[in-house]
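The values are calculated or read from the model by the stated rules, or taken from the named source; none is laboratory data. As the structure is a computational prediction, the values presented were derived from the model and not from experiment. Positions of Cβ are backbone-derived with ideal geometry, glycine not excepted, and every protein chain shown enters the neighbour counts.
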Amino acid sequence: MLGLQLPTDPRWAELVRTDLPELLTDHAWCELKAASNVMSLIVRYPDLSELVTELTRIGQEELAHFGQVHEKITARGWVMGPERKDNYVNELLQFVKKDGGREERLVDRLLFSAMIEARSCERFKMLSTEAGDEDLRAFYHELMISEAGHYTTFIGFARRYGGRVDVDARWKDFLAYEAEVVGRYSKAPTIHG
């Protein structure tokens with residue numbers, strides 16, 4: 001369904017099992033950044049009412065996920081650490097068109113968002129079977145389902161508002177670029193690391 005061209009290296013699951021505080025802190029920050037991303041889209045495209053409505057819902061979910069991850073951290077007696085730089089996301093952002101028409105820029109931002117959700121979904125699926133305890137396996141299974149829904153929403157809106165943009169061709173370009181990018185990761189106990 002996701003179309004990812006390069007699966008996560010299975011050794012990544014072992015890395016996160018050995019450093020759950022790092023994984024959960026990074027994950028918490030990823031949820032906040034996801035909420036910020038949808039708010040940014042709302043600010044840029046307030047006239048697209050259905051998009052705004054759906055992004056508001058997604059933003060609320062992302063904030064709720066942040067709260068849930070924070071609860072997982074504190075329930076284990078840990079403290080959430082400082083913000084982590086997400087090099088994977090920053091590399092994907094370099095592929096997003098900054099010029100061109102409004103439709104092209106919107107499509108690229110939506111596909112960028114879909115790509116992050118797709119990779120997160122794939123990682124959460126792995127965590128739903130490989131996490132060190134049953135509580136986290138169940139938690140990541142629920143989040144996997146949510147991320148899949150967000151992915152579908154972003155792709156759907158890209159197709160809906162794409163106008164003259166060949167969204168499917170651009171998505172294939174994103175998939176190919178992301179495969180190159182993700183090949184450099186899976187080496188750190190973080191969501192995209």
Report yes if L4 is crowded, with 16+ Cβ neighbours inside 10 Å, modelled with pLDDT of 95 or more, out of contact with any His (no Cβ under 6 Å at 6 or more places or on another chain) and not in a helix (DSSP H, G or I), otherwise no. yes
Output for the stretch 7-36, where each listed residue is assigned to a helix (DSSP H, G or I), out of contact with any helix residue (DSSP H, G or I) (no Cβ under 6 Å at 6 or more places or on another chain) and under 30 Å from D168 (Cβ atoms): W12, C30, K33, S36
Could you give me the residue pairs with C-beta distances under 7 Å whose first residue belongs to the stretch 132-152 and is farther than 15 Å from I58 by Cβ, whose second residue is hydrophobic (A, V, I, L, M, F, W, C) wherever it lies, and which are 6+ apart or on separate chains? G132/L20; L136/L127; R137/A131; Y140/F124; Y140/L127; Y140/A131; M144/C121; M144/F124
Pairs, please: C-beta under 8 Å, at least 6 apart or cross-chain, first residue among the hydroxyl-bearing types (S, T, Y) and in the stretch 160-186, second exposed (fewer than 13 other Cβ atoms within 10 Å of the Cβ) and assigned to a helix (DSSP H, G or I)? S186/R11
Per-region count, the stretch 7-26, residues crowded, with 17+ Cβ neighbours inside 10 Å and not polar (S, T, N, Q): 9
Determine whether the stretch 43-56 contains at least one residue that is more than 28 Å from Y161 (Cα to Cα) and at pLDDT 95 or above. no
Residue pairs qualifying under the 8 Å Cβ cut-off, at least six apart or on distinct chains, with the first in the stretch 54-74 being basic (K, R) and the second being in a helix (DSSP H, G or I) and surrounded by fewer than 18 Cβ atoms within 10 Å (Cβ to Cβ), are K72/D135
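Give K125, K85 a once-over and let me know the one that is without any contact (Cβ under 8 Å) to a residue 40 or more places away in the chain and surrounded by fewer than 17 Cβ atoms within 10 Å (Cβ to Cβ).
Checking each option against the conditions leaves just K85.
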When you scan the stretch 181-188, do you find a residue that is part of a helix (DSSP H, G or I) and β-branched (V, I, T), even just one? yes
For W29, are the conditions met, namely being at pLDDT 95 or above, among the hydrophobic types (A, V, I, L, M, F, W, C), over 16 Å from F154 (Cβ atoms) and surrounded by 19 or more Cβ atoms within 10 Å (Cβ to Cβ)? yes
Selection over the stretch 125-157 where residues are among the aliphatic types (A, V, I, L, M), in contact with a Lys or Arg (Cβ under 8 Å, 6 or more places away or on another chain) and part of a helix (DSSP H, G or I) yields a count of 3
For the condition exposed (fewer than 15 other Cβ atoms within 10 Å of the Cβ) and out of contact with any strand residue (DSSP E or B) (no Cβ under 7 Å at 6 or more places or on another chain), what is the one hit in D108, D133? D133
All positions within the stretch 69-79 that are surrounded by fewer than 16 Cβ atoms within 10 Å (Cβ to Cβ) and either part of a helix (DSSP H, G or I) or not aromatic (F, W, Y) (or both): E71, T74, A75, R76, G77, V79
In the list E83, E117, E104, E122, which residue meets the criterion of being closer than 20 Å to S36 by Cα and not in a loop (DSSP other than H, G, I, E, B)? E117
